[in-house]
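Trainee: Below is the structure I would like to discuss, written out as structure tokens.
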Amino acid sequence: MKLHTKPLLLLTLTACLPLFAGCHGSKEQTSFSVPEAFDTSKDYEITFWAKNDTNKTQTDIYKKAISDFQELYPNITVNIRLYTDYGKIYNDVITNIATDTTPDVCITYPDHIATYLTGQGTVVPLDDLIADQNYGLGGSELTFDSPSSDEIIPKFLDECSFDGHYYALPFMRSTEACYVNKTYVEALGYTLPETLTWDFVWEVSEAAMKKDSDGKFLINGQDVMIPFIYKSTDNMMIQMLKQKGAGYSTSDGEIDLFNDTTKELLNTIAAHAKTGAFSTFKISSYPANFLNAGQCIFAVDSTAGSTWMGTNAPLCDISDSALVDFDTEVMTIPQFDPDHPSMISQGPSVCIFNKKDPQEVLASWLFTQYLLTNDVQTAYSETEGYVPVTSKAQNSDQYQDYLSKAGEDNNAHYNIKIQASRLLLDNMANTFITPVFNGSASLRDAAGQLIETVTKSVRRKQEVNDDFIKKLYSDVSSLYHLDQADSASGGKKDLGPLPGTAMLLLGSLAAAWILILIYLLLRHFCKSK
């Protein structure tokens with residue numbers, strides 16, 4: 001018996017070659033062909049997953065938008081499913097992708113959409129839908145007054161573009177603000193600058209830590225004082241790095257988070273966490289609760305969280321007896337260079353999931369567009385410190401009238417809330433976004449984890465030094481699967497799960513080795529004969 005090793009091996013490898021082409025990066029999304037007309041003779045039922053912060057007013061706005069939309073399109077039924085956390089929406093979508101039971105329309109974030117795209121044809125690319133003359137933005141066949149594409153704020157629309165396509169439309173936008181107890185700042189002998197700086201915030205925070213002989217804080221006469229509390233530490237690190245001109249990640253997913261500037265920032269944060277002058281939401285709880293109780297001076301949270309901030313906050317979570325009366329100032333987040341402020345742009349977007357019936361997808365697109373109409377945009381932005389995503393809504397008489405009534409009451413026209421909205425409107429040019437890729441959501445979590453870990457560690461009396469930070473970089477990189485190349489220069493993006501073609505390739509290679517092994521065993525057996 002004679003077997004030829006080379007022909008057998010060559011045949012096996014040749015069969016495997018076509019599989020190599022599919023083993024790089026995420027899966028290409030299939031384009032969507034817009035139907036020539038929407039079929040109104042058939043009934044469609046679409047699901048809409050949304051977040052509402054347990055705010056009944058927001059829930060009512062969603063319900064009214066659905067009711068008004070269904071009057072225009074009686075053959076479309078919209079079923080809403082409400083969530084209180086974007087992370088839960090994300091987890092449920094990921095789970096449902098595997099069973100092909102994703103919602104039709106979903107409020108989410110671009111970082112999350114980038115992960116959804118690892119599934120073949122999951123999210124609909126919106127390019128052709130946006131541009132369609134009949135049913136696109138401002139289309140001629142729409143039964144409502146949709147904004148045109150040039151009426152969506154370009155910066156907001158750009159946030160929904162990655163991998164060469166638009167995969168979402170912006171729904172609402174916010175940024176972060178620093179809500180300041182101006183009364184306490186002045187009582188400490190300081191005057192608020194026009195623009196907050198990190199040095200100013202750290203200095204005032206340390207000054208507020210002084211106690212009397214009974215161990216109570218001099219500034220508030222209480223047992224508790226955490227002068228500086230940050231809600232989203234991922235945003236904190238990202239913005240600090242941006243202001244410093246340091247690395248975070250590149251547009252193609254190269255990870256630059258673990259650098260010397262990050263180490264410098266962590267050492268500074270550790271120093272102030274050690275004295276008790278700084279803490280985070282995850283460690284201490286909501287900044288608003290401490291601010292309103294006179295136990296915090298600088299509370300950083302989203303402009304969308306403004307209705308919780310201040311003595312007269314309509315959504316205040318603490319008892320009246322715990323409230324302290326003080327003047328609240330709404331300011332941009334602290335800056336390293338006040339002449340060139342920089343802050344993050346954030347907020348929910350809306351994506352559409354692919355379905356077998358293109359008419360169902362078109363029905364979802366019609367509803368998605370309806371969420372951008374003036375009535376919906378203005379009504380929702382009035383519930384929090386969000387701003388509408390279209391110039392059409394921002395410039396409308398309804399929205400301008402709303403802004404002009406700041407301070408007339410402590411509910412719809414709560415002064416702090418409208419100040420927070422104006423903060424973003426006035427600083428649109430100073431906002432930025434982070435690159436979106438499969439793994440960018442994990443990178444964001446890692447950025448916040450660095451601050452959380454350092455803050456917890458110094459509270460536990462651990463020393464934060466070069467060795468500590470080197471190990472921290474390694475641990476966080478491993479925890480979030482960032483494939484870190486080295487602690488100094490960073491690594492490459494997380495490409496997510498292996499595509500099916502890659503799995504086939506690996507299986508084929510394993511089969512080739514098995515055949516080779518069988519050949520060698522047979523050869524050995526024949527020789528032994």
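Trainee: Is it true that Leu218 is outside the structural domain of Thr311 (by TED's automatic domain parsing), modelled with pLDDT of 95 or more and either aliphatic (A, V, I, L, M) or touching a Cys at 6+ places or on another chain (Cβ under 9 Å) (or both)?
Mentor: no
Trainee: Let me ask you something else. Of everything in the stretch 297-315 that's in a loop (DSSP other than H, G, I, E, B) and on the phi < 0 side of the Ramachandran plot, which residue is surrounded by the fewest Cβ atoms within 10 Å (Cβ to Cβ)? Reasoning before the result, please.
Mentor: Start the filter on the stretch 297-315 by keeping residues that are in a loop (DSSP other than H, G, I, E, B), which leaves 297, 309-315.
Right, trim to on the phi < 0 side of the Ramachandran plot and you get 297, 309, 311-315.
Working: Ile297: 32, Met309: 28, Thr311: 18, Asn312: 17, Ala313: 23, Pro314: 15, Leu315: 18.
Checked the stretch 297-315; the qualifying residue surrounded by the fewest Cβ atoms within 10 Å (Cβ to Cβ) is Pro314.
Trainee: Criterion first (loosely packed, with under 12 Cβ neighbours inside 10 Å and polar (S, T, N, Q)) does Thr40 satisfy it?
Mentor: Here the answer is no, as Thr40 does not meet what is asked.
Trainee: Please pick out the residue among Ile107, Ile89, Ile46, Ile94 that is surrounded by 15 or more Cβ atoms within 10 Å (Cβ to Cβ) and more than 20 Å from the chain's Cα centre (by Cα).
Mentor: Exactly one residue qualifies, and that residue is Ile46.
Trainee: Taking the stretch 42-82, which residues are among the β-branched types (Val, Ile, Thr) and on the phi < 0 side of the Ramachandran plot?
Mentor: Ile46, Thr47, Thr57, Thr59, Ile61, Ile66, Ile76, Thr77, Val78, Ile80
Trainee: Against the condition at pLDDT below 95, assigned to a helix (DSSP H, G or I) and either under 18 Å from the mean Cα position of the chain (by Cα) or not charged (D, E, K, R) (or both), how does Leu509 come out, does it pass?
Mentor: Taking the combined requirement at face value, the residue satisfies it.
Trainee: Can you say whether Ala322 is surrounded by 21 or more Cβ atoms within 10 Å (Cβ to Cβ) and over 29 Å from Pro435 (Cα atoms), as far as the supplied structure shows?
Mentor: For Ala322, the condition - surrounded by 21 or more Cβ atoms within 10 Å (Cβ to Cβ) and over 29 Å from Pro435 (Cα atoms) - is not met.
Trainee: Report yes if Tyr167 is modelled with pLDDT of 95 or more and in contact with a Cys (Cβ under 7 Å, 6 or more places away or on another chain), otherwise no.
Mentor: So Tyr167 fits the description; yes.
Trainee: Can you give me the number of residues within the stretch 297-308 that are under 15 Å from Pro227 (Cα atoms) and either under 22 Å from the mean Cα position of the chain (by Cα) or of a type in the set (Val, Ile, Thr) (or both)?
Mentor: Final tally of qualifying residues: 4.
Trainee: A further question on this structure: Got a number for residues in the stretch 58-70 being surrounded by fewer than 16 Cβ atoms within 10 Å (Cβ to Cβ) and in contact (Cβ under 8 Å) with a residue 40 or more places away in the chain?
Mentor: Qualifying residue count, the stretch 58-70: 2.
Trainee: I'd like to check something: does the stretch 322-344 contain any residue that is part of a helix (DSSP H, G or I), outside the structural domain of Ala114 (by TED's automatic domain parsing) and farther than 30 Å from Asp104 by Cβ?
Mentor: Yes, because at least one residue in the stretch 322-344 is part of a helix (DSSP H, G or I), outside the structural domain of Ala114 (by TED's automatic domain parsing) and farther than 30 Å from Asp104 by Cβ.
Trainee: Test Ser391 against the stated conditions and say whether it is outside the structural domain of Ser140 (by TED's automatic domain parsing), within 27 Å of Thr108 (Cα to Cα) and of a type outside the set (Asp, Glu).
Mentor: In short, no.
Trainee: Next up: List every residue pair whose Cβ atoms sit under 7 Å apart, with the two residues 6 or more apart in sequence or on different chains, where the first one lies in the stretch 230-255 and is more than 10 Å from Ile451 (Cβ to Cβ) and the second, anywhere, is at pLDDT below 95 and among the aromatic types (Phe, Trp, Tyr).
Mentor: Gly253/Phe437
Trainee: Here is a follow-up. If a residue must be among the aromatic types (Phe, Trp, Tyr), more than 30 Å from Leu479 (Cβ to Cβ) and in contact (Cβ under 8 Å) with a residue 40 or more places away in the chain, how many such residues does the stretch 401-446 contain? Step through it out loud before you land on a result.
Mentor: Narrowing the stretch 401-446 to residues among the aromatic types (Phe, Trp, Tyr): 402, 414, 432, 437.
From what's left, more than 30 Å from Leu479 (Cβ to Cβ): 402, 414.
Okay, now just the ones that are also in contact (Cβ under 8 Å) with a residue 40 or more places away in the chain, so 414.
The number of residues fulfilling the criteria is 1.
Trainee: Do any helices (runs of 4 or more DSSP H) entirely within the stretch 180-296 hold 2 or more residues that are surrounded by 22 or more Cβ atoms within 10 Å (Cβ to Cβ) and under 26 Å from the mean Cα position of the chain (by Cα), and if so, which? Walk me through how you get there before you give the answer.
Mentor: Values: elements: 182-187, 198-207, 233-244, 260-275, 281-284, 287-292.
Helices (runs of 4 or more DSSP H) meeting the threshold: 233-244, 260-275, 287-292.
Trainee: Residues being within 30 Å of His165 (Cα to Cα) and surrounded by fewer than 22 Cβ atoms within 10 Å (Cβ to Cβ): count how many of those fall in the stretch 393-433.
Mentor: The number of residues fulfilling the criteria is 12.
Trainee: Oh, and also: Would you please name the residue that is nearest to Phe32 (Cα to Cα), looking only at residues in the stretch 91-107 that are without any contact (Cβ under 8 Å) to a residue 40 or more places away in the chain and in a helix (DSSP H, G or I)?
Mentor: My answer is Ile97.
The values are calculated or read from the model by the stated rules, or taken from the named source; none is laboratory data. Values in this document were obtained by computation on a predicted structure and should not be read as measured data. Ideal geometry is used to build each Cβ from the backbone, glycine not excepted, and the neighbour counts take in all protein chains shown.
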